[in-house]
Structure formats: C-alpha cells, structure tokens
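Have a look at the structure below before the remarks.
Throughout, read-outs are computed from the coordinates displayed, never taken from laboratory work. From a predicted model like this one, the values you see are computed outputs, not experimental measurements. Here Cβ is always computed from backbone atoms with ideal geometry, including for glycine, and neighbour counts include all displayed protein chains.
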Amino acid sequence: MNAWVGAFLLAAAVALWLPPGAPARTEPRSRKVPAWPVALARPGRRRQTAADQAAVLEVCDLLAAELAAGRPPGAALAAASERWPPLVVAVEALRLGADVPECLRRLATERRGAADLRWVAGAWQVAQHSGHGLAAALQRTAGGLRARRRTRRLVDSELASARATARLVACLPLAVLVMGTGAGSDPWSFLLATPIGLTCLGCGLGLIVLGLWWIERLADRAAAP
C-alpha cells in the first residue's frame, strides 16, 4: 500500500507540470493570479499565443490585399476583423475618428500573441503621416513578420526539446523507486514511515517542482516576443 501511495504522490507532483492543457483565458496584468492555476494553464496559453501570432500575420496579409484591391481602410479593417474578432476595436476606432495606430498598439499590449500588431500600427502611422500607400507598407510589414515567425518557430522547436528533457529527468526518481521496489527492496517504507524519509521525500518533490518551474520560466523568457 505504501508503494502505491508514494507512487501516486510522485506521479501527481510531476503531472502538475505535464497537463493536457486547457483553453487559456486572458487575464489583466494588474490582477494577481495564483501560481498553480497559471502553471496549469501554460500549454493552453502557448497555443492561444501561437494562434494569435498566426492570426496577426494573416490579418496583415489580408489588409494589404484588400487595400491593394482598392477597398477603403474601413472596409479592409472590417474584413480583417471577421478573420480575427479582437480587431473589432480598431474598426470602431476608425469609425469614430480615433487614433487607429494607438488602438492597435494597445491591443498588442493586452494580448501576448498580438505583439506583432505594433509593426502593423507603425506601418499604418507612417503611411498616414507620409501619404505613401498603406498597402505597400503592409506588404513589407507582412514580409518582416513572416521572417520573424520562421525564427520564432526555430526557437520554439529548440525550447520544446529542452522542456521534454527536463520533464523526463523529473520522472527518473519515480522510475528508480519503482525499479527498487521490483528488485525486492522497500524504499517506500523508508520514505513514508520515517521522519528522515519524509524529509527526503518533501525535499525531493520540492526540488523537482522548483527545477521544472525554473526551466519553464527560462523557456518563457526566451520565447517572449
């Protein structure tokens, strides 16, 4: 029984860092969110970030194509907002005569995956002030975003291997304990029935969680747009 209890405890601790991933929710930066729910939502947040990054590139391409076809900026933005609904705020800003580049920059700040909208806002502002064609500026911006996306994919692939290695190493103590049990020894009695064993178990779990958290923190910083 002790072996099963110990195995369950270790597996549960490691599983906290290997979640299937739930859909992410955008939280205001000023709101304090507990650490464990944030950790559990990381895979979902990464998927949402990647989806937003791809959507921004598609929006830039769509805007350039619509403007090159002769459609006015308002109609082009409305078509782009159908592809990516968060862009509706920019459509409303243009309709009300507000500052569209500033609205795009604010959206880029609020959504982690939409950081590339800053480049779209810059192209819009330059074209607005200089009188040059917005379609051409957005086409050049889309080319730059495509190159940045290729670089980001390369970085993400390298980080994925680092994360997988860290999680594999985190599972090794459990594997060693299971192998020890199968070999006829009883490490669980020591870990769960003695004060020193419980101390070792707690320290080990704490170090595993700390190590995985540190790897995730470094990877998130490296992957930050």
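Exactly one of (1) in contact with a helix residue (DSSP H, G or I) (Cβ under 6 Å, 6 or more places away or on another chain); (2) touching a residue at least 12 places away in the same chain (Cβ under 8 Å); (3) over 30 Å from Ala114 (Cβ atoms) is unmet by Ala219. Its number?
Against the list (1) in contact with a helix residue (DSSP H, G or I) (Cβ under 6 Å, 6 or more places away or on another chain); (2) touching a residue at least 12 places away in the same chain (Cβ under 8 Å); (3) over 30 Å from Ala114 (Cβ atoms), Ala219 comes up short only on (3).
Quick check on my filter: what residues within segment 99-135 are more than 18 Å from Glu66 (Cβ to Cβ), touching an Asp or Glu at 6+ places or on another chain (Cβ under 8 Å) and free of Cβ contacts under 8 Å to residues at least 60 places away in the same chain?
Ala108
If a residue must be in contact with a Cys (Cβ under 9 Å, 6 or more places away or on another chain) and polar (S, T, N, Q), how many such residues does segment 127-176 contain?
Residues in segment 127-176 being in contact with a Cys (Cβ under 9 Å, 6 or more places away or on another chain) and polar (S, T, N, Q): 2 in total.
Could you tell me whether segment 72-81 includes any residue that is touching an Asp or Glu at 6+ places or on another chain (Cβ under 7 Å) and surrounded by 19 or more Cβ atoms within 10 Å (Cβ to Cβ)?
The answer is yes, given that some residue of segment 72-81 is touching an Asp or Glu at 6+ places or on another chain (Cβ under 7 Å) and surrounded by 19 or more Cβ atoms within 10 Å (Cβ to Cβ).
Restricting segment 180-225 to residues that are part of a helix (DSSP H, G or I) and among the acidic types (Asp, Glu), which is nearest to the chain's Cα centre (by Cα)? First the steps, then the outcome.
First, the residues of segment 180-225 that are part of a helix (DSSP H, G or I): 180-182, 187-193, 195-223.
Narrowing further to those that are among the acidic types (Asp, Glu): 216, 220.
Working: Glu216: 11, Asp220: 8 Å.
Going through the qualifying residues, I end up with Asp220.
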